[in-house]
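Here's the structure, in structure tokens; my notes come after.
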Amino acid sequence: MTDKKALRAQVAEKVQGLSWLYREKADRAIRFHIYGWSLYQAAGTVFCYAGTDREIDTRELLSSALIAGKRVVLPVCTGPGVMEARAIESMEDLVPGKYGILAPKPGCALVAPEAIDLAFIPCASGNAKGERLGYGGGFYDRYLPRMRCPTALLCRQELMLEEIPMESHDVRIEYLITESGITRCRP
């Protein structure tokens with residue numbers, strides 16, 4: 001079994017090789033699938049991350065959710081492996097947080113994990129079995145068990161892996177969303 005650190009390095013190399021055009025088309029297709037998804041349409045409170053250069057660009061998704069009147073919450077890293085969710089009212093509420101990742105500015109309302117209706121989760125890679133290769137901080141594996149909502153992994157197909165080593169604390173994701181569509185990974 002390949003170790004996760006080596007897999008992260010392989011995926012990071014793949015990301016560097018992706019063309020801007022492929023990334024743009026894939027991200028647009030992923031957003032298209034989300035906008036038409038009944039779970040997204042019904043969700044009042046949506047948890048989503050602010051994508052970095054190596055991830056799906058979520059800015060338009062965040063903005064669109066706000067315009068649609070949804071309560072939009074993003075993660076804030078508060079300590080080693082510790083994360084909470086805070087609501088934004090506009091894109092101007094996002095400021096560089098830990099690790100330089102955009103996060104809600106201080107003072108944004110704290111949202112309980114149980115109050116979230118649908119969560120979009122970042123990854124280095126994932127697969128149709130709901131296996132997720134994160135970035136090694138353990139933030140999501142600690143936070144996800146506290147949520148009571150459907151979870152969806154956003155991943156470009158070119159970055160998917162057939163097998164991802166899973167440890168006892170790793171949380172499987174319910175849905176996988178790629179440019180090809182939405183796959184239910186587990187009941």
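Points worth noting:
- Gaussian network model of the chain, springs between alpha carbon atoms under 10 Å - residue of Asp117, Asp53, Asp141 with greatest fluctuation: Asp53
- Residue range of the chain that is longest and free of GluC sites (Glu not before Pro) which are both DSSP loop and sparsely packed (at most 10 other C-beta within 10 Å): 1-161
- In order through the range 127-143: 3J(HN,Hα) via Karplus (6.51 cos²θ - 1.76 cosθ + 1.60), integer Hz, x for Gly, Pro: 8, 6, 8, x, 7, 10, 9, x, 9, x, x, x, 4, 6, 5, 7, 8
- Relative contact order (%) - the chain, alpha-carbon pairs under 8 angstrom, separation at least six: 23
- Estimated distance in nm for a label pair at Trp20 and Asp3, the labels positioned 7 Å out from Cα along Cα-to-Cβ: 3.7
- Where labels lie 7 Å past Cα in the beta-carbon direction, separation of Ser64 and Lys105 in nm: 2.6
- Förster radius 41 Å - calculated FRET efficiency between Gln10 and Arg148 (Cβ-Cβ, nearest 0.05): 0.75
- A simple count of charges around Thr58, restricted to other residues whose Cβ falls under 15 Å of its Cβ and scoring Lys, Arg +1 and Asp, Glu -1, yields -1.
- Antiparallel bridge percentage (DSSP; both residues within the chain; nearest 5): 60
- Point-to-point label distance, Gln41-Arg184, nm (Cα→Cβ direction, 7 Å offset): 1.7
- Linear extension gain, Phe32 paired with Glu114, 0.36 nm per residue minus alpha-carbon span: 26.9 nm
- Centre separation in Å (Cα based) which lies between the range 132-187 and the range 1-55: 11
Each value in this text was obtained by applying a stated rule to the coordinates, not by laboratory testing. Bear in mind the structure is a predicted one, so any value in this text is a computation, not a measurement. With ideal geometry, Cβ positions are generated from the backbone for all residues, glycine too; neighbour counts draw on all protein chains shown.
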